[in-house]
Amino acid sequence: EAGVAQSPRYKIIEKRQSVAFWCNPISGHATLYWYQQILGQGPKLLIQFQNNGVVDDSQLPKDRFSAERLKGVDSTLKIQPAKLEDSAVYLCASSLTSGGYNEQFFGPGTRLTVL
Amino acid sequence: GENVEQHPSTLSVQEGDSAVIKCTYSDSASNYFPWYKQELGKRPQLIIDIRSNVGEKKDQRIAVTLNKTAKHFSLHITETQPEDSAVYFCAASKMHDMRFGAGTRLTVKP
């Protein structure tokens, strides 16, 4: 089966610029997650969607980060304006549904470098 | 919220030896504990998981143990091979809230 797709794979921007990432989850997966993985650390959940509704965005820096999943399938994550500390790999993951024991399948990630 | 601590941060073993990675969690409501393997430049992939109603689970050379009372769980890899070299992450989850440990870089020397 096709996995989670993300684009772009790499992005280099200057601080204060804007950037957007795209994710296409595995077909039929209702739950979509965005994680931030800073070098040398574990993934940190930014936001979780169940279909097109937000389940958890408690760790999303809402002053600069936003995400949407309008039709319950693809999702975009935006940073505006970017800061140096936003340099990280942004991972998208999906699972059949939320809660319980659902395996999360990760995409290849987008490596963001903010200069 | 949940806090997951993982030790050691780096681990080097000889091929054929065993490797053990330990994690502790803080929220007694957590009920699902997956382990992910991440090779350099690649995505994390689930290698084994355990639910809170089970104390131990084994899959070929890997096993996971869970001590709910002490709130810790461990990954055991036996007969390590060079291809086991990667970063391993533990995680603890309740409902939709999954928190990851900081990772363990395992190096298996041939």
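Values quoted throughout were computed directly from the atomic coordinates according to the rules given, and no laboratory measurement underlies them. Nothing here was measured: the structure is a model prediction, and the numbers come from that model. No Cβ is skipped: glycine too gets one built from the backbone with ideal geometry, and neighbour counts run over all protein chains shown.
Of all residues in the range B:1-19, those satisfying the criterion of being surrounded by fewer than 16 Cβ atoms within 10 Å (Cβ to Cβ), more than 14 Å from chain A (Cβ to nearest Cβ) and part of a strand (DSSP E or B) are B:12, B:14. Taking the listed residues B:108, B:54, the one that is within 26 Å of residue A:39 (Cα to Cα), of a type in the set (A, V, I, L, M, F, W, C) and either surrounded by fewer than 19 Cβ atoms within 10 Å (Cβ to Cβ) or touching a residue at least 24 places away in the same chain (Cβ under 8 Å) (or both) is B:108, with no other qualifying. When the range B:70-105 is filtered for residues that are in contact (Cβ under 8 Å) with a residue 60 or more places away in the chain, of a type in the set (D, E, K, R) and closer than 30 Å to residue A:54 by Cβ, the ones remaining, listed by number, are B:94, B:97, B:99.
From A:53, A:109, A:42, which residue is under 10 Å from the mean Cα position of the chain (by Cα), within 12 Å of another protein chain (Cβ to nearest Cβ) and either surrounded by 14 or more Cβ atoms within 10 Å (Cβ to Cβ) or over 17 Å from residue B:36 (Cβ atoms) (or both)?
Working: A:53 fails: under 10 Å from the mean Cα position of the chain (by Cα); A:42 fails: under 10 Å from the mean Cα position of the chain (by Cα).
Exactly one of A:53, A:109, A:42 is under 10 Å from the mean Cα position of the chain (by Cα), within 12 Å of another protein chain (Cβ to nearest Cβ) and either surrounded by 14 or more Cβ atoms within 10 Å (Cβ to Cβ) or over 17 Å from residue B:36 (Cβ atoms) (or both), namely A:109.
The criterion of being small (Gly, Ala, Ser) and within 29 Å of residue B:53 (Cβ to Cβ) holds for residue A:93. Restricted to the range B:31-57, and to residues there that are within 20 Å of residue B:83 (Cβ to Cβ) and hydrophobic (A, V, I, L, M, F, W, C), the residue that is farthest from the chain's Cα centre (by Cα) is B:40.
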